[in-house]
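Only one structure is covered here, and it is reproduced in the block below.
The values are calculated or read from the model by the stated rules, or taken from the named source; none is laboratory data. No experiment lies behind these values; they were computed from the predicted model shown. For neighbour counting, all protein chains shown are included, and Cβ atoms are generated from backbone atoms with ideal geometry for every residue, glycine included. Quick note on the areas: whole protein, heavy atoms, side chains included, nothing else; ligands and nucleic acids left out. Shrake-Rupley method; radii C 1.70, N 1.55, O 1.52, S 1.80 Å.
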Amino acid sequence: MPLVTSKEMFEKAYKGGYAIGAFNVNNMEIIQGITEAAKEENAPLILQVSAGARKYANHTYLIKLVEAALIETDLPICLHLDHGDSFELCKSCIDGGFTSVMIDGSHHSFEDNIALTKKVVEYAHERGVTVEGELGRLAGIEDAVNVSAEDASYTRPEEVEEFVSRTGVDSLAIAIGTSHGAYKFKPGQKPQLRFDILEEVEKKLPGFPIVLHGASSVIPEYVETINKFGGKMPDAIGIPEDMLRKAASMAVCKINIDSDLRLAMTAAIREHFAEAPSDFDPRQYLKPARANIKALVKHKLVNVLGCNGKA
């Protein structure tokens, strides 16, 4: 099966009341863990690559790893650029075989965001590629994305209809209280998603696919394992999974997951070296890391996203 766009995935997800997992990838073991889990659960997938991951792993290597996943799984897989910040980056990914791109113009004014997003949409649609735009700004740090709490802003529902109609985007990332990175909320803070905003957006854009970024749950057992074996991660609270499941039952058709993958992988590697400090064979410490990612993704597909059996 060749790579697919997100269009048909999102149509089915909206009607079915579930979301597609968009998992960030950086290397072979991460891709293997994600796709093995999806194959066992018969789930559609979005594998997404940030600008930083593309620079780290090399565009060609990532493309070939994803092609291998297609051969091994025969699943519908969409290859997506996460947080593209320029027309040139989006164009490079489109020309290089990606089937979906995100253009994040949320740091621009409303009019400049529309102009940039529209430019990417026109180029992408001529080549059969889908485009995700963004309105509102999430706080937090992830790769090149760094937004302070003071600069974060919720999406304004009154702007979404105009933004979508003028740009022609295929999906829209909104800010309703999620946050990039592992340090979303401090102990004592109560995570809360603004479902009132999501409901208003859904009314303005009936049937239109909405995206949540910064939706990792910062699973405590991974943080505890990392700290048990020499880490110094502060206590942090992620997005409760029941809130994500509720969002997936509404207009949210794509939920991004990155930090939880990093935590799962790092926890396994730290635990391995604590038990085998003299080991220098990458296969020995990357194998349990891959297994941790697989277990995490299976959990997300079934218990959070609800897209198992939907391929």
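Points worth noting:
- Between E158 and N303, the distance separating the two model label sites (each 7 Å from Cα on the Cα→Cβ line) works out to 4.2 nm.
- A DSSP coil position with no more than 12 other Cβ atoms inside 10 Å describes the following GluC sites (Glu not before Pro) in the stretch 56-131: E126.
- Calculated [222 nm] ellipticity per residue, helices only, for the chain: -14500 deg cm²/dmol; basis is -39500 (n - 2.57) per DSSP H run with n ≥ 4, divided by all residues, nearest 500.
- Across the protein chains, with a 1.4 Å probe defining accessible surface, the residues H125, H80 rank H125, H80 from largest area downward.
- Fully extending the segment from M1 to K190 would add 63.7 nm, taking 0.36 nm per residue of separation and subtracting the current Cα-Cα distance.
- For the chain, averaging the sequence separation of C-alpha pairs within contact (under 8 Å, six or more residues apart) and dividing by the residue count gives a relative contact order of 23 percent.
- The ellipsoid that matches the Cα gyration tensor of the chain has semi-axes, each √(5λ) in whole angstrom, of 29, 23, 18, with the longest given first.
- Label-to-label distance, N227 versus H108, with points set 7 angstrom from Cα along the beta-carbon direction: 4.2 nm.
- For the chain: accessible area per residue (Å², 1.4 Å): 44
- Rounded to the nearest 10 degrees, the inclination of helix 259-275 to the longest alpha-carbon principal axis of the chain is 10 degrees.
- With Cα atoms, 0 to 90° folded angle of helix 195-204 axis to the chain main axis: 40
- Near F229: Cβ cut-off under 12 Å, other residues only, Lys/Arg at +1 and Asp/Glu at -1. The net charge is 0.
- Peptides 200-212, 220-232, 39-51 ordered by packing proxy, namely the average of other Cβ atoms within 10 Å per residue, highest first: 39-51, 200-212, 220-232.
- Heavy atoms of L135 accessible to a 1.4 Å probe, total area in Å² rounded to 10: 10
- For the chain, the longest principal axis of the C-alpha atoms and the axis of helix 157-167 are separated by about 80°.
- Cβ-defined net charge surrounding F208, 10 Å radius [Lys, Arg +1; Asp, Glu -1]: -2
- Take every pair of alpha-carbon atoms less than 8 Å apart whose residues are at least six positions apart; their mean separation over the length of the stretch 1-116 yields a relative contact order of 28 percent.
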